[in-house]
1. Within the bounds of region 191-214, is there any residue that is assigned by TED's automatic domain parsing to the domain that holds residue 143, over 29 Å from the mean Cα position of the chain (by Cα), within 20 Å of residue 140 (Cβ to Cβ) and in a strand (DSSP E or B)?
2. Which residues, taken from region 58-84, are within 28 Å of residue 41 (Cα to Cα) and loosely packed, with under 14 Cβ neighbours inside 10 Å?
3. Do the conditions hold for residue 41, that is, is it modelled with pLDDT under 90 and either in the same structural domain as residue 158 (by TED's automatic domain parsing) or not in a loop (DSSP other than H, G, I, E, B) (or both)?
């Protein structure tokens, strides 16, 4: 007497039976296949871009032009340009030619992809409210994040500043590094050294922090602006 097979239908066009080998993996559903393909393509794009950036960085460290490296690796300048811009994915043979031309191991091109990335998500309710000297109770200084790594050698401190009233005097800070101010709401006059700048919504002011700077006047309330300070790792910023 033959054993009967119980056939089960899963989704559209996907069929398997109880008699199939237990080690055999069941077919993936269409939705999961699409998600897997999207994730695989995303990783491929990331690897492609990382290799291109590392090839460019290595070429520049060797003080070589695109034409010089392409000639040394015996590839076209167009191909090298596409590799550096992450447009195409180079073959292992091409990467080996580039590594020999640069005198570097092949694995050096994968450095950026293998490196642990640093990303910080600061949810709105988790923003750190900071207290500063010479500010009023209604003023708000929210630290939006803090990022610094030995790999980049740079520290970045973004803050959201909100002013709801005027005053007679404003603090005049100075610090190492650079600062960027982007206006989100209101109008104000900002001074940097002996110069003054009238800032409105959408305006951006970028300056060195070593020169004394700060608010000169609040022209239209309320005022909200984004402040981003960048400085070398190891320096202390007093703000």
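The values are calculated or read from the model by the stated rules, or taken from the named source; none is laboratory data. Predicted model, so just to flag it, every value in this text is computed and none were measured. For neighbour counting, all protein chains shown are included, and Cβ atoms are generated from backbone atoms with ideal geometry for every residue, glycine included.
1. no
2. Within region 58-84, 76, 78 meet the criteria.
3. Numbers: modelled with pLDDT under 90: yes; either in the same structural domain as residue 158 (by TED's automatic domain parsing) or not in a loop (DSSP other than H, G, I, E, B) (or both): yes.
When the stated conditions are applied, residue 41 passes them.
Yes/no per residue for (1) outside any strand (DSSP E or B); (2) closer than 18 Å to residue 140 by Cα; (3) out of contact with any helix residue (DSSP H, G or I) (no Cβ under 8 Å at 6 or more places or on another chain):
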| residue | (1), (2), (3) |
| --- | --- |
| 171 | yes, yes, yes |
| 181 | no, yes, yes |
| 221 | no, yes, yes |
| 230 | no, no, yes |
